[in-house]
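Reviewing the structure listed below.
The values are calculated or read from the model by the stated rules, or taken from the named source; none is laboratory data. All values reported here derive from a predicted model rather than from experimental measurement. Glycine gets a Cβ as well: all are built from the backbone with ideal geometry, and neighbour counts include every protein chain shown. Note: areas computed on protein heavy atoms with side chains; ligands, DNA, RNA excluded. Shrake-Rupley method; radii C 1.70, N 1.55, O 1.52, S 1.80 Å.
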Amino acid sequence: MRGRTAITAAGLLALTACSTGPSLENRGAVTASPGDSHHLTIGTAGFTESDLLAQLYAQLLNQAGYKTSIITVANRELYEPALEAGQIDVVPEYAATLADWLNAKTHGADAKPVGSPDLDATMKALRNLAAPRGLTVLPPGRAVDQNAFAVTADYARRHHLKTLSDLGASKLKVRLAAGDECVQRPYCEPGLKKVYGIDITGVDPKGVGTTQAKRAVQDGRDQMVLTTSTDATLDRFGLVLLADDKHLQNADHVVPVVNRARAGSAGVAKALGRLNDVLTTADLADMNRQVDSWRRLPAEVARTYLQDKGLLK
């Protein structure tokens, strides 16, 4: 496995300035044939889960006969244009988040969001936005990394809580540890009140899934924390997720996004598609735990996982 190459923002801007993707003046008329470059550059956003997904992609592509390298670009504002320009060939993404990001980039920051809890509708919108930019969105798998809400296991046990609906029906008063934007975001405080009838008495602005936020819930200062569905550290704080049984959160399924002209071939799609048959949200959380808590390297964790699933010799 080739080592990861770090790339600076300035360096990537210089690369993308020298190369252009398909003109959006010809939106809907992109005619480039799907490409099959022998060497593929895989981008990672630099956080644990993105690093793991990039390693999974690289190792599957290596086995399929491609040469791969991995670069870290922590900012979507940089790596997405680089993907369009062919400086990056493959990136692991999240369906609803990327759909809304491309929609805002195309139609303006005030554009109505197109990501939704409906995976089919989200994927259709995403592909319609990606295609004019020379990007192909491969099929999503089962793994989802979306916003999620956790309480202490003791709190859940005492109040018989398994779902967010249970919490709403309990009429308990809830102080929520989350990012300060939670008071406005429809998936957060407004949605919890409207969809689930949860009595949110206030938002404690400690961030999304931070150690500080989790400790506030662990210590009883807050009753619930906003985190993610693949958070690998909940056990450490005695926390459990409450199921989003009414599907408040958007369909942020993991999807590979490729530069069509360089990596849009059936060979790439087949190699990466093998992951869709096995990778689950729980698998992602477990691999995150191995890296974050056990200090294993993403490449090692990815290799072991693929071997255990019979996808790597």
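Annotations
Yes or no, residue by residue, for (1) closer than 17 Å to E93 by Cα; (2) open to solvent by less than 40 Å² (accessible area, probe 1.4 Å); (3) modelled with pLDDT of 95 or more:
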residue: Q223; (1), (2), (3): no, no, yes
residue: A232; (1), (2), (3): no, yes, no
residue: G238; (1), (2), (3): no, yes, yes
residue: L241; (1), (2), (3): no, no, yes
residue: K246; (1), (2), (3): no, no, yes
residue: D252; (1), (2), (3): yes, yes, yes
residue: V255; (1), (2), (3): yes, yes, yes
residue: V258; (1), (2), (3): yes, yes, yes
residue: A269; (1), (2), (3): yes, yes, yes
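- Residue within segment 35-45 that is at pLDDT 95 or above, part of a helix (DSSP H, G or I) and open to solvent by 30 Å² or more (accessible area, probe 1.4 Å) present: no
- Verdict on Q218 being more than 30 Å from G35 (Cα to Cα), in contact with a helix residue (DSSP H, G or I) (Cβ under 7 Å, 6 or more places away or on another chain) and open to solvent by 40 Å² or more (accessible area, probe 1.4 Å): yes
- Criterion (in a helix (DSSP H, G or I), closer than 16 Å to A54 by Cβ and not β-branched (V, I, T)) met by exactly one of A269, A302, A282: A302
- Lone qualifier among D118, D145 - being touching an Asp or Glu at 6+ places or on another chain (Cβ under 8 Å), open to solvent by 20 Å² or more (accessible area, probe 1.4 Å) and either over 25 Å from R274 (Cβ atoms) or of a type outside the set (G, A, S) (or both): D145
- Among the residues of segment 197-243, those that are of a type in the set (S, T, N, Q) and under 21 Å from the mean Cα position of the chain (by Cα) comprise T210, T211, T227, T228, S229, T230, T233.
- Top-ranked residue in segment 192-215 [being in contact with a helix residue (DSSP H, G or I) (Cβ under 6 Å, 6 or more places away or on another chain) and aliphatic (A, V, I, L, M); ranked as most open to solvent (accessible area, probe 1.4 Å)]: V203
For (1) at pLDDT below 95; (2) in a loop (DSSP other than H, G, I, E, B); (3) touching a strand residue (DSSP E or B) at 6+ places or on another chain (Cβ under 7 Å), each residue gets a yes or a no:
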{"site": "E93", "(1), (2), (3)": "no, no, yes"}
{"site": "A99", "(1), (2), (3)": "no, no, no"}
{"site": "A121", "(1), (2), (3)": "no, no, no"}
{"site": "A131", "(1), (2), (3)": "no, no, no"}
{"site": "P139", "(1), (2), (3)": "no, yes, no"}
{"site": "S165", "(1), (2), (3)": "no, no, no"}
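- Residue-level check: of (1) closer than 25 Å to A285 by Cβ; (2) of a type outside the set (A, V, I, L, M, F, W, C); (3) under 24 Å from the mean Cα position of the chain (by Cα); (4) in a helix (DSSP H, G or I), P190 misses just (1).
- Remark: L176 falls outside the filter, which requires a residue to be hydrophobic (A, V, I, L, M, F, W, C), modelled with pLDDT of 95 or more and part of a loop (DSSP other than H, G, I, E, B).
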